[in-house]
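Only the coordinates and a few stated rules stand behind these numbers; no lab work does. Since the structure is predicted, the reported quantities are computational estimates derived from the model, not experimental observations. Counting neighbours? That spans all protein chains shown, and the Cβs are built from the backbone with ideal geometry, glycine included.
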Amino acid sequence: MGRTNSCCWTAWLAVVLVHWCLCVRERNGVVVEASHVVYESLQSVPASVVDSKLRTGYHFQPPKHWINDPNGPMYYNGLYHLFYQYNPSGSVWGNIVWAHSVSTDLINWVALEPAIYPSKPFDIKGCWSGSATILPGNRPVILYTGLDPRERQVQNIAYPKNLSDPYLREWVKPDFNPVIAPDDGVNGSAFRDPTTAWRGPSGHWKLVVGSKWNKRGKAILYRSRDFVHWVKAKHSLHSARDTGMWECPDFYPVALKGTRGLDTSVYGHGVKYVLKISLDITRYEYYTVGKYYHDKDKYVPDATSADDNTGLRYDYGNFYASKTFFDGKKQRRILWGWANESDTSDVDKAKGWAGIQMIPRTILLDSSGRQLVQWPIEEIESLRGKHVVVEHKRIPSGGFFEVTGIDSSQVCADVEVSFDVSGLEKAEDFDPSWATDAEALCGRKTADVKGGVGPFGVLVLASANMEEKTAVFFRVFKAYHKHVVLMCHDPTRSSLRAGLYKPTFAGFVDVDIAKTGKISLRTLIDSSVVESFGAKGKTCITSRVYPSLAIGEDAHLFVFNNGSTDVKVSELNAWEMKKPLMNGA
Ligand code: DQQ
């Protein structure tokens, strides 16, 4: 599983397919680790290879340059604030500042000046990821990772300069920073991304910082009475061997019942906890659901949550460095994640932009209590325009049909399909050794490989004759005592252009298909983005694709069935998506 990290220093020599890797360099006698490639030199690519129509229409994206991790997000006095890692002078990672945009609805955005940028000894070499916390008295505060002159990673605090400015444009970094520095037992080049702080029954503020010690990934816990003086706890909140650096940890409560999200400091009966980490080694995000013992500050994942890189993921595709926040306006917890490009950095440079933020997702604990479910925030539906419906359409084995009628192409669309599934006796046998590697299974059994029940699903961003297509599909298997449902993204034929990174992505879907006889799929299509939600958000997958033919009006949408049993589309709804306001986002 996962992808191979290549050495940063030689990456530019070849066509760079993986933009991310752990760089270990020596500078000023200090070994420095950075989690993004630093490009020393770039090949030139004619701008003509990049069609401007591949730029996204309704995903969050500034007009130009590189972006990565969402930072801070918060709701404060009627406005949503999104900060994000941004290179103001190029479309590769570097010179990182905290860019800042505000919105009333999480859809339309107005860009402000960067909120935090290197200016003080405690962040002069970089302002990396962090989080916002709203303190009592409705006072927002940011904690972020700064790189000091020796490139040591330290944690700093920043306050709004003027609380009566509704946009919170300026942020002040007191000279007493850093508030948390790596001490003897902490690896100062692997110590970053402080979480939103929470307050337990003891009244102490607590937060974790991502780290590692040798190969053991760690969420190092700190406590504070006043939010300024932080003391390291004797034990980490949690750690796991052989998982490597834990980037962008996130720790929050979820309600066992109901549809309300919880504020980060909520505790008590009916509450479980989620610990998410972004694993630098695999560049995927994993989470566990578990119990948090406030008195001992110990987090223990449930037995149903694998505590390693075979575990549950928010998204089984291109989705990283995510962060949740509690939205007090609508009493929900919202997840933001970043998707990198899957093109070469030379092309990113030619097109002048790289990276997008995914559509924010509402996040809840599934009724099984074993996993989370995610769903695009309801506000996204305000972008829905022209609508087509298909009902009760049978797709025979090997058949397909085109969804027509949403003109101005299918490049910006929201598609929801519900499939009726029968003939389960024809499902392919499931080899138990496949259970820990959905991605490899999908790589072997792509959309073109005929199955028993499935593959069935949609072909998006497809050219008229399907020389180009990205398949989003399910395949049902028969295991010893149950059926296993695989959800897959197959972009291997998404573009005729050479040199693209086109990995298949996949996850299993925890549904009892024999009982329900149905499975649903929602896919948000946005020029070079395919973001899918299986079974109402139990399994999510994101891909970046760069068609060369299926662009603009030449992009088509099909529904297909490559299994040996018929499948019925009980209902399909597809909407054209309008473009929101991204005023310099
Ligand atoms: N990106 C930031 C780091 C974080 C990484 C630097 C994750 O703080 O660990 O841009 O993508």
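Between 397, 180, 517, the Cα set farthest toward the positive side of the dipole of the chain (charges on each charged residue's Cβ, about the Cα centre) is that of 180.
Could you work out the relative contact order of segment 256-362, using alpha carbon pairs under 8 angstrom and six or more residues apart, expressed as a whole percent?
On the way: 166 pairs, mean separation 22.8, N = 107.
That works out to 21 percent.
A simple charge model with +1 on the Cβ of Lys and Arg, -1 on the Cβ of Asp and Glu and nothing else charged puts the dipole of the chain at about 1280 debye relative to its Cα centre. Between residue 402 and residue 496, the FRET efficiency estimated from the beta carbon spacing at R0 = 22 angstrom works out to 0.65.
The lysines whose alpha-carbon is closer than 18 Å to the alpha-carbon of residue 212, local same-chain residues fewer than 8 away aside, are 232, 234, 276, 298. Checking every one of the trypsin sites (Lys or Arg not before Pro) in segment 132-184 against DSSP loop status and a limit of 16 other Cβ atoms within 10 Å picks out 150, 161, 169.
What is the sum of charges around residue 327, taking Lys and Arg as +1, Asp and Glu as -1, for the other residues whose C-beta is under 10 Å from the C-beta of residue 327?
Details: positive: 329, 330, 332, 333; negative: 263.
So the surrounding residues net to +3.
Taking amide H as placed 1.01 Å from N in the peptide plane, the amide H of residue 338 sits under 5 Å from that of 320, 322, 358, each at least 5 places away or on another chain. Distances between placed amide hydrogens fall under 5 Å for residue 284 paired with 279, all partners being 5 or more residues away or on another chain. A simple spin-label model places pseudo-atoms 7 Å from Cα toward Cβ; at residue 536 and residue 104 they are separated by 3.3 nm. When +1 charges are put on Lys and Arg Cβ atoms and -1 charges on Asp and Glu Cβ atoms, the dipole computed for segment 383-577 relative to its Cα centre reaches about 340 debye.
Sort segment 342-394 into rounded, prolate or oblate with this rule: let a ≥ b ≥ c be the square roots of the eigenvalues of the Cα gyration tensor; rounded if a/c is under 1.5, and if a/c is not under 1.5, prolate when a/b is larger than b/c, oblate otherwise.
Values: a/c = 2.25, a/b = 1.41, b/c = 1.59.
Note, shape of segment 342-394 comes out oblate.
Between the listed residues 117, 582, 423, the Cα displaced farthest toward the positive end of the dipole of the chain, a dipole computed from Cβ unit charges relative to the Cα centre, is found at 117.
Extension gain for residue 202-residue 184 works out to 3.8 nm (0.36 nm per residue, less the C-alpha to C-alpha distance). Only aspartates and glutamates eight or more places from residue 536 in sequence, or on another chain, were considered; those with a Cα closer than 16 Å are 315, 366, 378, 381, 414, 416, 420, 510, 512, 571. Label positions at residue 510 and residue 113, each projected 7 Å from the Cα along the C-beta direction, are separated by 4.8 nm.
Between residue 579 and residue 241, the modelled labels are 5.4 nm apart [label points 7 Å from Cα along Cα→Cβ].
The chymotrypsin sites (Phe, Trp or Tyr not before Pro) of segment 447-501 that meet both conditions, a loop assignment by DSSP and at most 12 other Cβ atoms within 10 Å of the site Cβ, are 480.
Across segment 343-482, how many lysine pairs separated by 8 or more positions, or lying on different chains, have Cα atoms within less than 17 Å? Provide the component values of the computation, followed by the final result.
Numbers: 426/445; 426/450; 426/478; 426/482; 445/469; 445/478; 450/469; 450/478.
Taking the Cα cut-off of 17 Å, the pair count is 8.
Label zone (residue 416, point 7 Å along Cα-to-C-beta; backbone nitrogen cut-off 14 Å) within segment 554-585: 570-576.
What's the extension gain from residue 231 to residue 368 if we count 0.36 nm per residue and subtract their Cα-Cα distance?
Working: separation 137, 0.36 × 137 = 49.32 nm, distance 3.72 nm.
Answer, rounded to one decimal: 45.6 nm.
Grab the other residues whose beta carbon is less than 15 angstrom from that of residue 513, score K and R as +1, D and E as -1, and report the net. Mind dumping the intermediate values first?
Numbers: positive: 426, 475, 478, 482, 515, 518, 536, 538, 568; negative: 420, 425, 428, 510, 512.
It works out to a net charge of +4.
Grab the other residues whose beta carbon is less than 13 angstrom from that of residue 446, score K and R as +1, D and E as -1, and report the net.
Values: positive: 444, 445, 450, 469, 475, 493, 502; negative: 439, 448, 490.
That sum, taken over residues with Cβ under 13 Å, equals +4.
Segment residue 424..residue 306, full-extension length gain: 39.6 nm, with 0.36 nm per residue of separation and the alpha-carbon distance subtracted. Applying a DSSP loop filter and a limit of 16 other Cβ atoms within 10 Å to the chymotrypsin sites (Phe, Trp or Tyr not before Pro) in segment 512-585 leaves nothing.
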